[in-house]
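Quick notes on the structure that follows.
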Amino acid sequence: MLIKQIPIRNELRNYMYLLACESTRQAIAIDPLDHALCLQVAKEIGLQITVVANTHHHHDHIGGNGPVVAATGAQLVAHADAMQSIPEVDRGLNSGDTLQCGELSLKVMSTPGHTMSHICLYFEGNDSEAPALFCGDTLFNAGVGRCDFGGDPKVLYETFAEQIFILPDNVRVFPGHDYIENNLRFTLDREPGNQAAQSLTAEFAAGLDAESYVTTIGLEHEINVFFRLSEPEVRAGVAQSQGVDAAELDDQATFIGLRGLRDNW
Ligand SMILES: [Zn+2]
């Protein structure tokens, strides 16, 4: 699979993606907000966009659909439950569906929490390529999506517990926004001694390009505080913020507490 990650460099630092079958050159465009840039990149590398996929209905993900569909005739796909919120969806997707493009096939995951109708697309990998997760605003590098624009942190926790924490360590993570440096600062605010977060922060300060840095699920377990719910320091910090005993908190309560702290951070 050819993966082209396209940073938009807008205020929200959105990423778009082109995922292509290398033999047919047909491509899926994920959340092509900057439609002109998306179409230009596809043309430059010789791809024909046949599918536009939205991870969820927020405007910074669907705002480019119209011009890309008009220019390419692509099929527009999104979560079946997002079809009322996204104009002119051709196909509603459900958990376990397959999204096909040429010889490329991706598994659809229903991952509510940031919004209640959010999908992630999962590439299972093969002998020469590691798996990959295109996760919109569910999972960010070193962070998770916020829940105060139509979501629910309890549901987001369930999504992570049931579907994200259990993914193999070698899965590459391709989120909907470039937030890694700020998210690392939050991890270090909660866990000042986190060595993996410290060393990655130092690498970015020394010039490593954060915008094109790809994490893996294995690395997320080290640098993303939302993956580290049973670490005593993390749990104690959430308990202290709520004036309760750490023993009263389970993983879900710790996750929800962290989400609340991050909202007001
Ligand atoms: Zn969103």
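The values are calculated or read from the model by the stated rules, or taken from the named source; none is laboratory data. Not measured: the values here are computed from a predicted model. Cβ coordinates were reconstructed from backbone atoms using ideal geometry, including for glycine residues, and neighbour counts include every protein chain displayed. Note: areas computed on protein heavy atoms with side chains; ligands, DNA, RNA excluded. Shrake-Rupley method; radii C 1.70, N 1.55, O 1.52, S 1.80 Å.
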Cα axis of helix 35-44 to longest principal axis of the chain: angle in degrees, 0 to 90, nearest 10?
-> 60
Largest fluctuation, V171, V144, V244 only, Gaussian network model of the chain with Cα springs under 10 angstrom, belongs to V244
Enumerate by residue number the trypsin sites (Lys or Arg not before Pro) in the range 1-44 meeting two conditions: DSSP loop (anything except H, G, I, E, B), and at most 15 other Cβ atoms within 10 Å of the site's Cβ.
-> R9, R25
Put a dot 7 Å past each Cα toward the Cβ at E44 and I166; how far apart are the dots in nm?
-> 4.1
Carbon and sulfur %, accessible surface of the range 181-263 computed with the full protein complex present, 1.4 Å = 46
Work out how much length E158 to A70 would gain on full extension: take 0.36 nm times their residue separation and subtract the Cα-Cα distance, in nm to one decimal.
-> 27.9 nm
About its Cα centre, what dipole magnitude does the range 21-102 give when the only charges are +1 on Lys and Arg Cβ and -1 on Asp and Glu Cβ, stated in debye to the nearest 20?
-> 200
Assign unit charges at the C-beta atoms only (+1 for Lys and Arg, -1 for Asp and Glu), then state the dipole size of the chain relative to its Cα centre in Debye, rounded to the nearest 20.
-> 480
Take every Cα pair under 8 Å in the range 1-89 that's 6+ residues apart, average their separations, divide by the length, and report that relative contact order as a whole percent.
-> 22
List, in order, the whole-Hz ³J(HN,Hα) value for each residue of the range 17-27 obtained from phi through the Karplus relation with A = 6.51, B = -1.76, C = 1.60 and θ = phi - 60°; use x for Gly and Pro.
-> 9, 10, 10, 10, 6, 6, 8, 8, 6, 7, 9
Among S230, T215, L258, the residue whose Cα sits farthest towards the positive end of the charge dipole of the range 181-263, when +1 is placed on the Cβ of each Lys and Arg and -1 on the Cβ of each Asp and Glu, is L258
Starting from the Cα-Cα distance between V244 and S23, subtract it from 0.36 nm times their residue separation and give me the gain in nm to one decimal.
-> 73.8 nm
Among H56, H221, H79, the residue with the largest mean-square fluctuation in a Gaussian network model of the chain built from Cα contacts under 10 Å is H221
The chain: most fluctuating residue of D90, D137, D34 per GNM, C-alpha cutoff 10 Å = D90
